[in-house]
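J.: Following this message is one structure expressed as C-alpha cells.
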Amino acid sequence: MDIQELLGTDYKEGMSDTEILDVLKTRKLADLSSGKYVNKDMATAKENQLNEQLRDLQSQLDSKLTDDEKRQKDLDSKDKEIAKLKETIKQSTLATNKAQLMANIVDTLDKLEVKNDDKELNEFLDLITLEDNVQSSKVSSYLGKILKLAYQKGQEAQTKEQIASASDFQAGTETKEPMNIGERLAKQKQSYKFE
C-alpha cells in the first residue's frame, strides 16, 4: 500500500511530512470492517479466565493423585529446578572465567588496538573459556603470556628491521624476509601510529 492509497481523498501531490502526519492522526489505520481484530480488554479477560480454569483443573488433577504420584511430581519439579540452577551456575562460571581471560589479555589487545567488541575475538574467547576455574585460569594466564611475548618480540624485530632498513637505505639495498606473527602484530600497530 502506498501513501496515496493510505490517505485516499485527503492525498494531495507534493504533501509535506507534517501534512501527511496531520492526516494520519485523524485516521484509524486498522481495517475494523473485516472483523479480524480483538479488543485488548476482552483478550486479557479471556486469558485470565482460561488461566483460572487451568489452575482449577490442575488442582482437581492434584487432588486425584496418590501419595506416591504426588511425591514423584514434587521430585520431578525439584529436579527441573535443580537443572535450571545448574545451568545458571554454569553460565555464571563461564562468564566469570571469560572476564578473567579478557583481563589477562586486555593490555596487549589495547596495544594492538583490538576492540573488546570484536566479533571474532569474542567467538575465540567463547571457544577457549572453560567451566573449570583452575583450568580456565591456566589457559587465561598462558594466552596472556603468549600475546605479550609475541608483541614484545615483534617490537624488537620491528626495531631491528628499522635499523636494518636505515642502513640498507644508506647502502642502497633493501631486503625483505617473512615476519613471524609477533613481528606482523608490531608492524601493524606501528603502521597505525603513523597513518
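J.: Does residue 108 meet the test of being modelled with pLDDT of 85 or more, surrounded by 10 or more Cβ atoms within 10 Å (Cβ to Cβ) and over 30 Å from residue 6 (Cα atoms)?
T.: no
J.: Additional query: Can you find a residue that is surrounded by 10 or more Cβ atoms within 10 Å (Cβ to Cβ) and at pLDDT 80 or above anywhere in segment 30-41?
T.: no
J.: Of 70, 25, 80, which residue is within 30 Å of residue 126 (Cβ to Cβ) and either surrounded by 10 or more Cβ atoms within 10 Å (Cβ to Cβ) or at pLDDT below 85 (or both)?
T.: Among 70, 25, 80, only 80 is within 30 Å of residue 126 (Cβ to Cβ) and either surrounded by 10 or more Cβ atoms within 10 Å (Cβ to Cβ) or at pLDDT below 85 (or both).
J.: Quick one: in segment 128-155, which of the residues that are in a helix (DSSP H, G or I), loosely packed, with under 15 Cβ neighbours inside 10 Å and in contact (Cβ under 8 Å) with a residue 12 or more places away in the chain is nearest to the chain's Cα centre (by Cα)?
T.: Applying the filter and picking the extreme gives 128.
The values are calculated or read from the model by the stated rules, or taken from the named source; none is laboratory data. Values in this document were obtained by computation on a predicted structure and should not be read as measured data. Methodologically, a virtual Cβ is constructed for each residue, glycine included, from the backbone with ideal geometry; neighbour enumeration extends over all protein chains shown.
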